1. Any aspartates and glutamates with Cα under 14 Å of the residue 138 Cα? List them, leaving off those in the same chain fewer than 8 positions away.
2. Which order do 34, 58, 89 fall in if you start with the one that has the fewest other Cβ atoms within 10 Å?
3. Taking the Cβ of residue 97 as the centre, find all other residues whose Cβ is under 13 Å away and add up their charges (Lys, Arg: +1; Asp, Glu: -1).
4. With a 10 Å Cβ neighbour count serving as the proxy for reagent exposure, in which order, fewest first, do 71, 26 appear?
5. How much length, in nm to one decimal, is gained on full extension between residue 52 and residue 82, taken as 0.36 nm per residue of separation minus their Cα-Cα distance?
Amino acid sequence: MRRCVCDSFAMSTTGSNVPVVLRPASQSDMSEVVRLQQLLAGSSEQNLQTGLWMNRAVTFLRDASEAGNASVVIAEHPTKGDELIATGVAVILQIQPTYWLPDGRLGYLQSFYTEPEWRGRGIGTEVLARLVGWFGEKGVQRFHLWTETDEAVEFFEKRGLRKSIDVNMFNPPPA
């Protein structure tokens with residue numbers, strides 16, 4: 001995976017080059033990042049109960065990024081700088097050290113989203129490159145992500161990531 005060291009790149013939109021700024025999210029960007037995460041989660045009734053989880057998510061992202069345990073990369077709309085068109089969140093989790101992860105530091109690509117009308121223009125690829133680069137800078141040897149759509153699986157596989165194993169996930173029995 002190549003590392004991107006640029007602050008912006010040009011993409012083609014109707015034949016013209018429009019600069020899209022990719023940068024680390026600032027503390028003031030975190031609410032907009034969480035808004036994009038809400039779009040990723042979908043619009044089911046359960047996901048729309050936003051108040052508590054969204055406030056907690058903003059606080060988590062602010063604290064974790066300030067502590068160096070999260071990287072949040074954003075892409076700004078080319079003409080509306082306060083509007084984000086893509087975001088990715090990577091976190092480092094501390095788990096019990098194991099034979100396959102001797103230091104117990106596990107990377108997790110927690111969320112990754114590009115607004116549908118901006119897909120296919122290389123923005124997501126650049127966001128992913130920065131997050132993977134950040135894991136490398138932090139010495140994280142392995143990272144995981146979960147995805148539920150064939151489109152997302154195809155996106156990640158085209159960029160050199162591979163499925164490792166099928167995992168059975170379980171939920172606790174209803175109360």
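Values quoted throughout were computed directly from the atomic coordinates according to the rules given, and no laboratory measurement underlies them. Remember, predicted model here, so these are calculated numbers, not experimental data. Cβ placement follows ideal geometry from the backbone for every residue including glycine, while neighbour counts extend to all protein chains displayed.
1. The reachable aspartates and glutamates, counting only those whose Cα sits under 14 Å from residue 138, are 103.
2. With the sparsest Cβ surroundings first, the list reads 58, 34, 89.
3. Net charge around residue 97: +1.
4. In order of increasing Cβ crowding within 10 Å: 26, 71.
5. Here the segment from residue 52 to residue 82 would lengthen by 8.4 nm.
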